[in-house]
1. Which order, highest average first, do 39-48, 144-153, 172-181 follow once you tally other Cβ atoms within 10 Å for each residue and take the mean per peptide?
2. If you take the alpha carbon radius of gyration of the range 96-188 and divide it by 2.2 N^0.38 Å, what ratio comes out, to two decimals?
3. In nm, to one decimal, how far is the modelled label at Ala43 from the one at Arg23, with both set 7 Å along Cα→Cβ?
4. State the antiparallel share, in %, of DSSP beta bridges confined to the range 21-210, rounding to the nearest 5.
5. Highest mean first, what order results for 200-210, 154-164 on Cβ atoms within 10 Å?
Amino acid sequence: MNLMSSHFETLADAGIRVAPVGRCIRKRCLDFAFSALLLLVLAPLFVLIAAAIKLESKGPVFFRQQRTGLGGAPFTILKFRSMRLHDDQQVVQASRRDARITPVGALMRALSIDELPQLLNVLRGDMSLVGPRPHALAHDARWTVMVPEYRQRFRARPGLTGYAQVRGNRGEVFSTADITARVLDDNAYIEQWSLMLDFRIILNTVPLIFADPNAY
């Protein structure tokens, strides 16, 4: 509890109003229970996906990258690798018909299957089932300058899905308006949070698995 308290004090010092500790504990209990159950149920699927990735192209099964978590603290996010290994030094968002994406990767990304390993991030407390989607550190640095309210997203753990996603504000960012709309949704979610809102977002995420024009 001392670590949690000191972490919240750091957020407050930065001018970021944080959620009550009790609310965070309730949300964390839900995250832990659901992520553990889903990992158990999906274990056979994980094995099949891992085999398909290894058979299709050289490289690791998992893609790992630093992202920004609660309070601005970095963590390592996990995804199923959906791209061929490449030597790009810059962090470039995936785009439509991206040549780096493998055929198996394209299918995974269309169905958001590549995100499933983030259940491990949820289980260990890096992420939540629902919250602002985490971005690459380079994108955080860029968009913080573009959108004054951007850092307010870090009041909550990043999510496997989120309010912005079910409202269509996910995917490639083409303009300041795109990222501003996402940030407004993320901060509205944090301000209005309830367990019922989380359940509604999860239910609204299900149909997007099969038909989301912004998933690629």
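Laboratory data are not the source of any read-out in this text; all were calculated from the coordinates shown. Predicted model, so just to flag it, every value in this text is computed and none were measured. We place every Cβ from the backbone using ideal geometry, glycine too, and count neighbours over all the protein chains shown.
1. Packing order, densest peptide first, comes out as 144-153, 172-181, 39-48.
2. 1.12
3. 3.6 nm
4. Of those bridges, close to 80 percent are antiparallel.
5. Top of the packing list down: 154-164, 200-210.
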